[in-house]
Structures are given as C-alpha cells and as structure tokens.
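Down below is the structure, laid out as structure tokens.
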Amino acid sequence: MRWDEVQERFPNEWVVLEATKAYSKEGQRFIEEVAVIDSYEDSNKELNLYLLNLQFTDAEQSRQRF
C-alpha cells in the first residue's frame with residue numbers, strides 16, 4: 001500500500017506501519033510501500049500506552065543488566 005492509500009483509508013487514525021518495499025540512496029531511506037499493522041482512533045490514548053510500555057521495557061532491560 002502506498003502512503004496516499006493509507007491516508008485515504010485511515011484519514012483520522014493513528015497507524016502503525018511496516019515498510020514492505022524500500023531502498024536507500026545517497027544516505028536517505030525511501031519507502032515505496034507499507035503494510036498497516038494496526039490503526040487507532042484515539043492517538044493520544046495509544047501513544048500514552050506505547051510510551052508506558054516503552055518505559056516498562058526499558059526498566060526491565062535495566063534490571064536484567066545488573
């Protein structure tokens with residue numbers, strides 16, 4: 001799916017994407033196609049859950065190092 005298709009299909013949603021077709025040129029990454037992994041209507045709620053999970057994961061990794 002191209003980015004314009006994602007925007008059309010999920011106009012007011014926060015989406016999690018995976019690049020399925022991409023290339024690098026002159027030190028830059030160009031993404032041609034993506035797959036939508038998930039979508040959310042309430043981006044603030046989902047972003048907060050993501051950040052909370054990220055903090056929890058970082059804390060767990062820190063404990064495992066010691």
**Message:** I'm told MET1 meets every condition in (1) surrounded by fewer than 11 Cβ atoms within 10 Å (Cβ to Cβ); (2) touching a strand residue (DSSP E or B) at 6+ places or on another chain (Cβ under 9 Å) except one. Can you identify the failing condition by its number?
**Reply:** (1)
**Prompt:** So which residues in the stretch 28-55 are under 13 Å from VAL16 (Cα atoms) and not in a loop (DSSP other than H, G, I, E, B)?
**Reply:** VAL34, ALA35, VAL36, ILE37, ASP38, SER39, TYR40, SER43, GLU46, LEU47, TYR50
**Item:** Residues that are modelled with pLDDT of 85 or more, surrounded by 10 or more Cβ atoms within 10 Å (Cβ to Cβ) and touching a strand residue (DSSP E or B) at 6+ places or on another chain (Cβ under 9 Å), drawn from the stretch 34-66
**Value:** VAL34, ALA35, VAL36, ASP38, SER39, TYR40, GLU41
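The values are calculated or read from the model by the stated rules, or taken from the named source; none is laboratory data. Given the structure is predicted, the values throughout are model-derived calculations rather than measurements. Counting neighbours? That spans all protein chains shown, and the Cβs are built from the backbone with ideal geometry, glycine included.
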